[in-house]
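Reviewing the structure listed below.
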Amino acid sequence: MAHDVNQDQPRVKRNLFIAATIVLLAGAVYLADQPIFRPAPEGADKVVLLHGLGRTEAAMLILENDLKGAGYDVYNIGYPSNDLGPEALVEQVSAAIVDCCEGGEDTVHFVGHSLGGLLIRAHLAKGLPANLGRVVLLGTPNKGSELADLEEGLPGALVDMAGPTAQMLGTGPDAFPASLPAPNFVVGVVAGTRDAIVTNQWLPLPNDSMVSRDSAHLEGATDYLEFEVTHWGLRNDPDVAAATITFLKNGRFSPAEAEAP
């Protein structure tokens with residue numbers, strides 16, 4: 001009997017869909033040298049680092065080391081991204097930021113990867129600290145995640161694993177990203193463009209395998225830059241780190257276009 005390949009299409013699409021979700025939740029493993037922790041010079045600017053969904057502060061260790069090598073005093077803050085909703089995460093992260101970095105004379109910059117960038121925006125929406133420096137968002141779904149829009153098709157166990165915040169990261173008007181105001185601070189946006197076959201079925205091109213370039217764009221951003229790296233590569237790539245440091249120092253990704261002091 002002849003086999004109808006059309007009958008297999010729903011099963012194949014579902015398998016790809018589940019595989020894409022596992023990629024979204026699990027992320028990618030990168031092997032790297034043990035970070036070298038350097039003491040910051042006295043009076044050094046501070047940098048707050050925030051990781052993305054389903055990760056810990058360990059995911060930002062390579063970038064932390066690069067920033068410390070550039071002379072910054074780095075505060076790599078962890079938070080339970082899969083356990084709490086957006087409001088609770090913002091409250092927890094804000095408390096940690098105020099405790100470590102705000103209220104003093106040292107300038108405080110922010111660098112966030114993926115969800116971490118949204119939490120930085122939410123924190124700053126409550127009021128700009130007097131010692132605020134500059135902000136860099138790496139692969140942040142500023143317009144929401146198209147993958148998160150697929151939540152209704154996910155098996156219940158995967159939805160529970162992703163947690164309540166993941167379920168609020170879609171592109172709709174009621175989602176967490178849409179609730180954040182346009183920036184009123186100096187912010188640079190970095191997007192990745194190395195996509196993955198497993199997620200291209202649901203993400204517009206170009207994308208970084210998790211976040212589309214369209215979603216990373218932020219109205220009101222000071223500067224924008226993209227690299228041919230994956231979503232995870234944005235927090236580990238040396239060129240991205242160098243561009244991040246340039247922006248923190250100059251307010252532009254290109255030193256030639258630096259803002260006036």
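So how much slack lies between residue 44 and residue 198, counting 0.36 nm per residue of separation and subtracting their Cα-Cα distance, in nm? Working shown, then result.
Details: separation 154, 0.36 × 154 = 55.44 nm, distance 4.30 nm.
Fully extending the segment from residue 44 to residue 198 adds 51.1 nm.
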_I'd like the distance between the alpha-carbon centres of the range 48-80 and the range 210-237, rounded to an integer number of Å._
17
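Since every read-out is calculated from the coordinates, none of them should be taken as a lab result. Since we're looking at a predicted model, the values are computed, not measured.
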